Amino acid sequence: MGDAAGEITSSPNVPDSNESFRTSRPDIVGSDVPDAPFPIKLSGPVQHGFGRGSKDLGCPTANLPDDSLPPMIDAGTGVYYGYAQVTPSDGSSSSLSDQDVCVLPMVMSFGWNPFYNNKRKTAEIHIMHEFKTDFYGYDMKALVLGYIRQELRYTSREALIEDIEFDKRVALKSMARPGYEKYTTDPFFTV
């Protein structure tokens with residue numbers, strides 16, 4: 001069982017990735033507008049994660065603190081899509097460009113990341129933008145708008161990377177619909 005911050009004391013039951021799942025995935029998911037429980041709002045300072053996203057997978061991620069995750073608990077583990085924004089903490093100087101602080105598309109893995117045998121749930125957000133600098137300690141807001149797929153156990157890094165790249169394409173196509181694009185100007189974000 002887990003607590004509100006995502007700690008677990010037993011291993012999660014996560015299905016294995018298989019080729020039939022991987023070849024039959026849709027490239028657009030969700031209805032034309034976000035359905036309940038979406039949108040889900042997450043926010044907090046960006047923290048150092050495990051350092052695997054960029055190095056191992058070519059997909060840098062920003063991690064939120066455990067105390068920002070309770071809104072996701074009822075949504076379940078898996079891969080999600082939405083928008084995110086990184087901004088400097090109040091009163092601090094910033095090395096981020098104007099493009100870096102825009103509301104940008106994101107994909108998020110929420111769960112145990114079974115390929116790495118995590119012992120607690122994490123929310124690892126990949127913002128689909130090329131940042132020129134790290135933004136640890138900056139504030140991040142994420143508006144989760146939809147679900148892409150369940151969390152899977154991978155037997156190879158290559159299969160995981162291939163699915164991550166597919167997840168990114170699914171997210172972008174799914175959010176290209178007017179019912180999702182309007183969330184780029186949601187009052188939750190800093191304009």
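None of the figures in this text is laboratory data; all of them are computed from the coordinates on show. All of these numbers come straight from a predicted model, not from anything done at the bench. Neighbour counts are summed over all protein chains in view; Cβ atoms, including those assigned to glycine, are modelled from backbone coordinates with ideal geometry.
Are any of the pairs K41/K182; K121/K182; K132/K173; K121/K173; K132/K182 more than 21 Å apart by Cα-Cα distance, and if so, which? It would help to have the intermediate numbers written out before the result.
Values: K41/K182 15 Å; K121/K182 30 Å; K132/K173 25 Å; K121/K173 27 Å; K132/K182 27 Å.
Cα-Cα > 21 Å for K121/K182; K132/K173; K121/K173; K132/K182; rest within.
Hull volume per residue, based on the alpha-carbon atoms of the range 58-180 and their convex hull, is 118 Å³.
Counting charges near L42 (Lys, Arg +1; Asp, Glu -1) among other residues having Cβ under 14 Å from its Cβ returns a value of -3.
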